[in-house]
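Worksheet: one structure, shown below.
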Amino acid sequence: MTSSLLTPRMSGVIDRIQRAKRPPYYTLSPQQAREAYVAAAEILDLPRAPLARVQDIELDADDGTPLPARLYAASHERLPVLLYLHGGGFTIGGLETHDSLCRQLALLSGAAVVSLDYRLAPEHRFPTAVDDSWAALRRLRDSGDALGLDTSRLAVGGDSAGGTLATVCAILARDAGLPLALQLLITPGASAHQDTASHVLFATGFVLERPAIDWFFDQYIDHHHRKDWRFAPLHAEDLEGLAPAWVCLAECDPLVDEGLAYADRLRLAGVPVSLDLYKGVTHDFIKMGRAIPEALEAHAAAGRVLKEALFDGAR
């Protein structure tokens, strides 16, 4: 049975989730699902680490809408920056659900992290999240002096849907001549349809279930648009010349096969890729630092690659 692939700690987490009997997100309205995600998001996360600088800011979308964002830094020095794009199926999630993770990334890398509250579906369907993320990356680059940051050293990253958005931003940045030091891709989605073996193997009982993926995607995008590379980066024609990538995957995740396929495509295009595949854990494991050691290992790895890309690579 596929459940035997899980580590004992991960299996215990799933048992706790099932005993809690929370209604699945796909049975709720989007607003109810957002509230439920906020209530549950940091139960398994590490406590929010104290940092020298935590500042709420705004970055304007191209239509002039101010997008809330939060800046994290372990010092008041002029630091390089990671723009972080949260997961949540383009429908749920925000600054609060990923606060603990962003603090860890800032603490362990020494870089500044700016987390973006891009607009969510279904109120804002595809490609609004893409457009907001790309606009925020450009605004952030241009805001270095105002924020006291070195935005000439810039990276983009995210988890799950945010990982998808980060891949797209990396492609748009290359095309616009905006240099990036790194794309930090944590369990990203990359394909148009749930048609890989891992989507079958891990369809139920592994945190991210098939009905939830269907629900998220139906909120976000029309079916006939799913082969647009801005939703499914595996359909992008040209991946040459992109920023180096760190790809962080979970073995027991329906998205693992498309993450591996995207890493392979990056390598074939000559992009430097570092890939960490964490055995026996599920989607969203990186936000379970109180419960499973693999989350702490992934935090440390992310901090290390960010430090190498944003500090060591600039020397």
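Among the candidates Leu184, Leu180, Leu208, single out the residue that is closer than 27 Å to Val273 by Cβ, at pLDDT 95 or above and not in a loop (DSSP other than H, G, I, E, B). Leu184 is the lone residue from the list that is closer than 27 Å to Val273 by Cβ, at pLDDT 95 or above and not in a loop (DSSP other than H, G, I, E, B). Being small (Gly, Ala, Ser) and without any contact (Cβ under 8 Å) to a residue 40 or more places away in the chain is not true of Gly205.
Among the residues of segment 246-288, those that are assigned to a loop (DSSP other than H, G, I, E, B) and closer than 17 Å to Gly157 by Cβ comprise Leu255, Val271, Pro272, His283, Asp284.
The set of residues in segment 211-227 that are surrounded by 18 or more Cβ atoms within 10 Å (Cβ to Cβ) and assigned to a loop (DSSP other than H, G, I, E, B) contains only Ile221. Examine segment 174-181 for a residue that is surrounded by fewer than 20 Cβ atoms within 10 Å (Cβ to Cβ), out of contact with any Gly (no Cβ under 8 Å at 6 or more places or on another chain) and hydrophobic (A, V, I, L, M, F, W, C), and state whether such a residue exists. Yes, segment 174-181 contains at least one residue that is surrounded by fewer than 20 Cβ atoms within 10 Å (Cβ to Cβ), out of contact with any Gly (no Cβ under 8 Å at 6 or more places or on another chain) and hydrophobic (A, V, I, L, M, F, W, C). The single condition among (1) touching a helix residue (DSSP H, G or I) at 6+ places or on another chain (Cβ under 9 Å); (2) more than 19 Å from Glu251 (Cβ to Cβ); (3) not in a loop (DSSP other than H, G, I, E, B); (4) not basic (Lys, Arg) that His193 does not meet is (3). Please verify whether Asp132 is of a type outside the set (A, V, I, L, M, F, W, C) and free of Cβ contacts under 8 Å to residues at least 60 places away in the same chain, treating the condition exactly as stated. Taking the combined requirement at face value, the residue does not satisfy it. Any residue at all in segment 125-140 that's within 16 Å of the chain's Cα centre (by Cα) and either farther than 12 Å from Cys169 by Cβ or of a type in the set (Lys, Arg) (or both)? No: zero hits.
Across segment 130-156, the number of residues qualifying as surrounded by 24 or more Cβ atoms within 10 Å (Cβ to Cβ) and out of contact with any strand residue (DSSP E or B) (no Cβ under 8 Å at 6 or more places or on another chain) comes to 1. Just so you know, in segment 164-192 the residues that are under 19 Å from the mean Cα position of the chain (by Cα) and not aliphatic (A, V, I, L, M) include one that is nearest to Ser3 (Cα to Cα), and it is Thr187.
Taking the listed residues Leu172, Leu178, Leu165, Leu182, the one that is closer than 18 Å to Ala245 by Cα and touching a Pro at 6+ places or on another chain (Cβ under 7 Å) is Leu182, with no other qualifying.
Of Ala197, Ala166, Ala236, Ala203, all but one fail to be among the hydrophobic types (A, V, I, L, M, F, W, C) and surrounded by 20 or more Cβ atoms within 10 Å (Cβ to Cβ); the exception is Ala166. Hey, does segment 212-234 have a residue that's touching a strand residue (DSSP E or B) at 6+ places or on another chain (Cβ under 6 Å), at negative phi and at pLDDT 95 or above? Among the residues of segment 212-234, not one is touching a strand residue (DSSP E or B) at 6+ places or on another chain (Cβ under 6 Å), at negative phi and at pLDDT 95 or above, which makes the answer no. So Asp253 clears everything in (1) under 14 Å from Thr187 (Cα atoms); (2) surrounded by fewer than 24 Cβ atoms within 10 Å (Cβ to Cβ); (3) charged (D, E, K, R) except one condition, right? Which one? Of (1) under 14 Å from Thr187 (Cα atoms); (2) surrounded by fewer than 24 Cβ atoms within 10 Å (Cβ to Cβ); (3) charged (D, E, K, R), only one is false for Asp253: (2).
The values are calculated or read from the model by the stated rules, or taken from the named source; none is laboratory data. Here the structure is a predicted model, which is why all the values come from computation and not from measurement. Heads up, the Cβs are rebuilt from the backbone with ideal geometry, glycines too, and the neighbour counts pull from every protein chain shown.
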